[in-house]
Amino acid sequence: MDTYETLEITVADRVATITLNRPQLRNAFNENAITDLTMAFDEASQDKDVRAIVLAANGPAFCAGADLNWMKKMAGYSAAENEADALRLADMLRTIYYSPKPVVARVQGDCYAGGMGLVAACDIVVVAEGVSFCLSEVKLGLIPATISPYVIKAMGDQAARRYFLSAERFDAREAHRLGLAHEVVPAAQLDAKVGEIVKALVGNSPNAVREAKALVRDIAGLPIDDVLLADTAGRIAAIRASDEGREGVAAFLEKRKPSWLT
């Protein structure tokens, strides 16, 4: 993969690890980081050799949200410039959320404001004990608008009402209770847990994982009616007839490994 100014990228064992690498600034993002993340996720998503993506960070914080120098610059923007800037952030989050590859967030340190948008856009979130979260925007006279679609999906509208309005900090256990975090582990076990999950992802049918991710995204919240029944029936019929669908069933019946594991 390409070299990026604000990120470290590694690809090994069919996993792309995209690591925020501005530790001295608590991995706060600016326009360069947003561009880098968008391009890195787009590249990893299109790489046929990559079956899973890990979003990680270097240093004591996962992501502190927006870079202060970037915020100072935005203060002088016109309304049109502010909107264009916000749309670049929105596009970055959408690129992560709609990646056809499963994305695992490895959260080793505190995660605030826009950083919570990064985490919420991922599919699976693993958090170290001791991590704090905060939707701090209202303390600055702002609102978490751009990240809101992902955060509300991840933690629900009732929890979002509280934390959007109060800007209270909450810990990893609360993040787990709310559904934002799937796993909370001691910091020393973070890599092992991420590795365990990634191993499971990589061992599954790449096509089925891609379609299962789309299934959750497309079906969640829809009424169970004739349209939905036809949609889901069409999806299972299509994947049964797919190359990997046929291969997976054949491998199971023949008691052998499917082709994607050889």
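The values are calculated or read from the model by the stated rules, or taken from the named source; none is laboratory data. Just so we're clear, the structure is a prediction, and the values are computed from it rather than from any experiment. Heads up, the Cβs are rebuilt from the backbone with ideal geometry, glycines too, and the neighbour counts pull from every protein chain shown.
Details
- Residues located in segment 210-248, provided they are touching a residue at least 60 places away in the same chain (Cβ under 8 Å) and either assigned by TED's automatic domain parsing to the domain that holds ASP123 or in contact with a Ser or Thr (Cβ under 9 Å, 6 or more places away or on another chain) (or both): LYS213
- MET74 fulfils the conditions (1) within 24 Å of CYS134 (Cα to Cα); (2) buried (at least 17 other Cβ atoms within 10 Å of the Cβ) except for a single criterion, (2).
- For ALA159, the conditions (1) loosely packed, with under 15 Cβ neighbours inside 10 Å; (2) over 20 Å from ASP67 (Cα atoms) are fulfilled apart from (1).
- Residues of segment 162-176 satisfying the condition of being in a helix (DSSP H, G or I), surrounded by fewer than 15 Cβ atoms within 10 Å (Cβ to Cβ) and in contact with a helix residue (DSSP H, G or I) (Cβ under 9 Å, 6 or more places away or on another chain): LEU165, SER166
- Counting only helices (runs of 4 or more DSSP H) that sit completely within segment 1-112, those holding 1 or more residues that are on the phi < 0 side of the Ramachandran plot, at pLDDT 95 or above and out of contact with any helix residue (DSSP H, G or I) (no Cβ under 6 Å at 6 or more places or on another chain) correspond to 31-46, 79-97.
- Segment 82-108, subset of a type in the set (Lys, Arg) and touching a residue at least 40 places away in the same chain (Cβ under 8 Å), residue nearest to ASP123 (Cα to Cα): LYS101
- Taking segment 228-260 as the range and being surrounded by fewer than 10 Cβ atoms within 10 Å (Cβ to Cβ) and of a type outside the set (Asp, Glu) as the test, the residues that pass are ALA241, LEU253, LYS255.
- Looking only at segment 96-139, and only at residues there that are acidic (Asp, Glu) and in contact with a strand residue (DSSP E or B) (Cβ under 8 Å, 6 or more places away or on another chain), the one that is nearest to GLU183 (Cα to Cα): GLU129
- Cross-chain or 6+ apart pairs with Cβ under 6 Å, segment 173-198 first and within 12 Å of VAL126 (Cβ to Cβ), then aromatic (Phe, Trp, Tyr): ALA175/PHE133
- Among residues that are farther than 17 Å from ILE124 by Cβ and either crowded, with 22+ Cβ neighbours inside 10 Å or of a type in the set (A, V, I, L, M, F, W, C) (or both), PHE62 is not included.
- Every residue from segment 178-210 that is more than 16 Å from the chain's Cα centre (by Cα), part of a helix (DSSP H, G or I) and crowded, with 19+ Cβ neighbours inside 10 Å: LEU190, LYS193, PRO206
- Residue check for LYS153: under 17 Å from LEU118 (Cα atoms) and not hydrophobic (A, V, I, L, M, F, W, C): yes
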